[in-house]
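Visitor: Quick one: the structure is below, questions incoming.
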2 protein chains.
Amino acid sequence: MLADPSRAAMVLALMDGRSRSAKKLALDAGITAQTASAHLRKLVNANLLVWQGRGRCKYFSLAGSEVAQAVEALSELGVKQIPAAARDLRFARCCYDHLAGRLGVALTERLLQPRNTVLRELGIDLTALESSRRPLFRCCTDWTERRPHVAGALGAALLRRYKDERWLVAVEDSRKLVVTPAGKSAFAHRFALGPGFFTQE
Amino acid sequence: MLADPSRAAMVLALMDGRSRSAKKLALDAGITAQTASAHLRKLVNANLLVWQGRGRCKYFSLAGSEVAQAVEALSELGVKQIPAAARDLRFARCCYDHLAGRLGVALTERLLQPRNTVLRELGIDLTALESSRRPLFRCCTDWTERRPHVAGALGAALLRRYKDERWLVAVEDSRKLVVTPAGKSAFAHRFALGPGFFTQE
DNA sequence: GGAACACTTCGACCGCCGTCGAACTGTTTG
DNA sequence: CAAACAGTTCGACGGCGGTCGAAGTGTTCC
């Protein structure tokens, strides 16, 4: 299902967790609307995508975090073949609804250190997240770093907070995330990242 | 690459981490030797498999843990479609070189509990593992349980120990693992698994 | 109402690729 | 050396599926 180039392009375009119209997906994948329509129907039937109609448009998005995770795992296999295209995404990107890339891995490691109080300081309410239906903590192996980053309800809550604080901003039509100056200082301070961390970006 | 049924069958057959000859893989996949030869060459070129010649035979095995991880992530997407075939593997199975399934997830959770001394009692030397080139701890999301189990160097060391102790034995030609009576008692005792855990198997 | 637009259905085309039979290379065994 | 066997190469076949043009449905907006 993911093996077809056109379908793969459409799924990759949705890897930032946002939704897009059929037309836009068709254009980005370089195929006509009819062909895209057939592909999208297959992807929905295979439970990879879901859609929601608004007016005369159909907006598609990933069916869930598992889909993003599978795509990340597959990307890891092909990472040698596509070094150029991937370079942009290595430092910080969305993986569905949470943060991935070098920054995501680094923050995860800091979070896992014992006796850290970052979560509390960020105002993340663990008990509330624990009561949600969704698993609190999932690891998602990073295809650029080959080390885990935080997914699940906690991962989504963290990324939302980073964006709310404007430490990270999303790049239009891309999974890429850029760190604002305020973000650099906040991450460096709260997560004890060394001074050289952001200069290697 | 994994989309072709014959190639998928061969890769799945190797998911237990062992190696098999081209002929055996061809037979299991239900194709002729010529066809298998072409597929195997492609899989090797794509860095999914590696091989090693012994005499007139070529023995193939997975190229690494990432491959197993990607296959597991993909299996999760299709888990609704193949409930029958998967039933056998749900409780305990190999995922390349480490333990997966309900048992793998349960043991992982016990290991992650703070202040646990199971690792030390099992004689697993963390400092030695940490110095190895391979990442110590990797999460691998379980496609049957949708929760993480331990992969990486630690996961491999644990499974090796379980097998050495004969708590788990591998089933011929399958990823399935069966728990011995000694294993049931050892796991229940050391990992504080409830009395009902093994009866639901 | 009518034009513009998003999406779908249908049908036809075409090319890629999985498949096998036949024949070939190289190794093992007696 | 001959026979058996693992694996490979070549060539031919066949079908699945991705592709688009044309035409159809439904919605929005003036």
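Visitor: Tell me, what is the FRET efficiency for A:L12 and B:R160 to the nearest 0.05, using R0 = 41 angstrom and their Cβ-Cβ distance as r?
Guide: 0.65
Visitor: What is the percent of Cα-Cα separations in the range B:33-72 that go past 12 Å?
Guide: 62
Visitor: So for the range B:1-68, Kirkwood radius off the Cα pairs, Stokes-Einstein at 25 °C and 0.890 mPa s: how many µm² s⁻¹?
Guide: 211
Visitor: Here is a further query. Take A:T180 and B:V178, extend 7 Å from each Cα along the Cα→Cβ direction, and tell me the distance between the two endpoints in nm.
Guide: In this crude spin-label approximation the distance works out to 6.1 nm.
Visitor: Could you work out the relative contact order of the range A:1-103? I mean the mean sequence separation of Cα pairs under 8 Å and 6+ apart, divided by the number of residues, in percent.
Guide: For the range A:1-103, the relative contact order is 27 percent.
Visitor: If you take the beta carbon distance between B:R41 and A:T35 as r and set R0 to 25 Å, what does 1/(1 + (r/R0)^6) give as a FRET efficiency, to the nearest 0.05?
Guide: 0.20
Visitor: With all protein chains present, calculate the accessible area of B:R54 using a 1.4 Å probe and round the result to the nearest 10 Å².
Guide: Roughly 130 Å² of B:R54 is accessible to a 1.4 Å probe.
Visitor: Per-residue mean of other chain beta-carbon atoms within 10 angstrom of the beta-carbon, peptide B:43-54?
Guide: If you average over the peptide's residues, the count of other-chain Cβ atoms is 1.
Visitor: In addition: Provide the buried accessible surface between chains A and B in square angstrom, both chains summed, 1.4 Å probe, rounded to the nearest 100.
Guide: 1800
Visitor: Let me ask another. Could you pull the accessible area for B:I31 with a 1.4 Å probe, rounded to 10 Å²?
Guide: Probe radius 1.4 Å; accessible area of B:I31 about 40 Å².
The values are calculated or read from the model by the stated rules, or taken from the named source; none is laboratory data. These figures come from a predicted structure and were not determined experimentally. Please note: Cβ atoms are built from the backbone with ideal geometry, for glycine as well, and neighbour counts cover all protein chains shown. Calculation scope for accessible area: heavy atoms of the full protein, side chains included, ligands and nucleic acids excluded. Shrake-Rupley method; radii C 1.70, N 1.55, O 1.52, S 1.80 Å.
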